[in-house]
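Remarks on the structure that follows.
The values are calculated or read from the model by the stated rules, or taken from the named source; none is laboratory data. Everything numeric in this text was worked out from a predicted model, so none of it was measured. All Cβ positions, glycine included, derive from the backbone under ideal geometry; neighbour counts span all protein chains shown.
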Amino acid sequence: MKLIILLIVAYLLGALPSGIWVGKLFFNKDITKLGSGNMGTTNTFRELGKTAGAVVMILDILKGTIATLLPAFFNISHVSPIIFGLFAVLGHTFSVFAHFKGGKAVATSAGMLLAIHPILFLCAFAFEIIFTYLTSMVSLASMISFPLITILILMDGDYWLGLIGIILTVFIFVRHRSNITRIKNGNENLVPFGLVYKRRNK
């Protein structure tokens with residue numbers, strides 16, 4: 001019973017709609033009605049500014065981290081903490097507080113990685129920054145970073161976490177279907193940062 005309750009708690013942690021709350025509390029705006037309509041970090045950053053985007057990113061990362069650490073907090077050793085992290089990812093993506101809509105799971109997945117392997121989290125964060133700078137597209141940076149981190153995990157010999165990385169990579173690509181179409185058509189939304197943005201706004 002304790003395990004079931006904690007898995008529900010992990011889901012509910014992930015489901016907390018950080019972007020919606022930040023938008024409504026501090027800007028009196030509904031982020032789901034702005035830009036792409038996504039309640040995650042990228043849309044918040046574009047529509048509400050850098051500070052709001054940074055706050056939402058930190059909160060979404062923490063959701064994944066805290067959920068993944070739940071078994072350590074409550075002395076559960078017979079279930080992998082990754083399972084708890086995955087429930088948080090599902091909560092973030094299909095939030096009960098947002099009519100089962102949500103973000104694209106990038107930040108919450110990163111939070112799960114932070115709890116399990118902080119060094120790889122730092123690598124993932126570095127990849128995201130580098131590829132966002134090169135492309136000015138957070139979506140493309142995420143779709144490049146996830147496979148790279150999964151490769152690093154497999155090279156490290158952690159095949160269970162590597163399998164989860166493969167699953168999450170596929171999931172991230174599925175969640176970014178509309179972004180992939182826009183990238184192919186050359187009209188993907190850019191963040192006001194990086195080489196491509198600078199080139200287009202010369």
Going through the range 18-40 in order, the residues found to be in contact (Cβ under 8 Å) with a residue 12 or more places away in the chain, out of contact with any Leu (no Cβ under 9 Å at 6 or more places or on another chain) and outside any loop (DSSP other than H, G, I, E, B) are I20, T32
Of the candidates V89, V9, the one satisfying the condition of being of a type in the set (V, I, T) and buried (at least 19 other Cβ atoms within 10 Å of the Cβ) is V89
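Among the candidates A88, A72, which residue alone is more than 16 Å from the chain's Cα centre (by Cα) and part of a helix (DSSP H, G or I)?
Criteria check complete, one pass: A72.
Here's a check for you: in the range 113-136, which residue that is without any contact (Cβ under 8 Å) to a residue 24 or more places away in the chain and of a type outside the set (A, V, I, L, M) is farthest from L86 (Cα to Cα)?
Checking each candidate, the answer is F131.
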Here the qualifying pairs (Cβ atoms under 9 Å; residues six or more apart or on different chains; first in the range 43-57 and in the same structural domain as L25 (by TED's automatic domain parsing); second surrounded by 13 or more Cβ atoms within 10 Å (Cβ to Cβ) and among the basic types (K, R)) come out as E47/K29; L48/K29; G53/R46
Exactly one of F97, F171, F121 is closer than 18 Å to T42 by Cα, at pLDDT 90 or above and part of a helix (DSSP H, G or I), and that residue is F171
Selection from the range 1-17 of residues part of a loop (DSSP other than H, G, I, E, B) and touching a Phe, Trp or Tyr at 6+ places or on another chain (Cβ under 9 Å) yields L16, P17
Per the filter on the range 180-195, residues among the aliphatic types (A, V, I, L, M) and within 12 Å of L140 (Cα to Cα) are I180, I183, L190, V191
Picking from A52, A107, the residue that is of a type outside the set (D, E), over 22 Å from L168 (Cα atoms), in a helix (DSSP H, G or I) and touching a helix residue (DSSP H, G or I) at 6+ places or on another chain (Cβ under 9 Å) would be A52
Of the candidates L152, L148, L161, the one satisfying the condition of being touching a residue at least 60 places away in the same chain (Cβ under 8 Å), part of a helix (DSSP H, G or I), within 19 Å of L114 (Cβ to Cβ) and outside the structural domain of I83 (by TED's automatic domain parsing) is L161
Out of (1) charged (D, E, K, R); (2) under 20 Å from T65 (Cβ atoms); (3) not in a helix (DSSP H, G or I), the one K202 does not meet is (2)
Can you confirm whether S136 is in the same structural domain as G186 (by TED's automatic domain parsing) and in contact with an Asp or Glu (Cβ under 7 Å, 6 or more places away or on another chain)? no
